[in-house]
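Structure first, then comments.
The values are calculated or read from the model by the stated rules, or taken from the named source; none is laboratory data. Predicted model only: the values in this text are computed from it and were never measured. Here the Cβ positions follow ideal geometry from the backbone for every residue, glycine too, while neighbour counts run over all protein chains shown. To get the accessible areas, we keep the full protein, side chains included, count just its heavy atoms, and leave off ligands, DNA and RNA. Shrake-Rupley method; radii C 1.70, N 1.55, O 1.52, S 1.80 Å.
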Amino acid sequence: MERARERQATTARLGALAALSCGLLALVACGPRAIDTDVSILTEWEWRHGLHTGEGVAAPAKAARTDAGWQTIELPRNLSNAPEFKDYRGWVTLRHRLPAAQNERLQSGTPLALNARRVLDVSRYYLNETTFGSRGQAEPFGEYRAAAMRPFRKDIPVRNLRTDGANYVVIAIYSNGKYPLQFMDPIELGPSD
């Protein structure tokens, strides 16, 4: 009986060691793509009430470039739970300065993609003042059309990329009160492939 338990324990240890060895070999064999260090998780954003994107009726030209009036916020989160957004209806603009490594990649022509995943409700996406995607619709861009929970992942255009200053990913989100202003998942920036 004692000998059978020792064999079982030895077999279990050998199985665990084999599994660990296979995992380490797979990691080495897959190379640097196995753990993608080229992806940036964008957590700390700046925000302002209103539409500040360089387009639209309420937006002064190049408003995303000015620093006055922007406040910081951590994403992902349900913005509607914060006092600043409670019962708020309308546009909120968020911006994140491109991390230096990602900015250099774009400058060199390496394609990048923004993966915002699930955003509530209507959303528009920009590199600086250039729109590169949207989900749903709201004034001043047309009659309201909901877009809650539709995933967003899209390549970032390199046109209008600033070579002499900061570049920003800008997200404008809108709620008419039907859905909360909410980022359900972390926002990622990385290789487009």
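Can you tell me how much longer the chain between Ala101 and Ala113 gets when fully stretched, taken as 0.36 nm per residue apart minus their C-alpha distance, in nm with one decimal?
Full extension of this stretch gives 2.9 nm more.
Counting just the Cα atoms, what span does region 90-193 cover along each of its three principal axes? Round to the nearest Å and put the largest first.
The Cα atoms of region 90-193 stretch 42, 25, 17 Å along their principal axes.
What is the sum of charges, Lys and Arg at +1 and Asp and Glu at -1, for the other residues whose Cβ falls under 12 Å from the Cβ of Gly90?
With Lys, Arg at +1 and Asp, Glu at -1, the net is -1.
First measure r as the distance between the Cβ atoms of Ala68 and Ser192, then evaluate 1/(1 + (r/R0)^6) with R0 = 25 Å and state the FRET efficiency to the nearest 0.05.
About 0.15, to the nearest 0.05.
Residue by residue through region 87-104, which ³J(HN,Hα) values in whole Hz follow from phi under the Karplus form 6.51 cos²θ - 1.76 cosθ + 1.60 (θ = phi - 60°), with glycine and proline marked x?
6, 6, 10, x, 8, 10, 10, 10, 9, 9, 5, 4, x, 3, 5, 6, 4, 4
Separation between the Asp155 and Phe132 pseudo-spin-labels, each 7 Å from Cα along Cα→Cβ, expressed in nm?
Result: 1.0 nm between the two label points.
Counting only residues 5 or more places away or on other chains, whose amide H sits under 5 Å from the amide H of Glu139 once H atoms are built in the peptide plane?
Distant-sequence amide H within range of Glu139: Tyr144.
Suppose all protein chains stay in the model; what accessible area per residue would a 1.4 Å probe give for region 45-193, in Å²? Don't jump to the answer; show the numbers that get you there.
Numbers: 6910 Å² over 149 residues.
Accessible area per residue, region 45-193: 46 Å².
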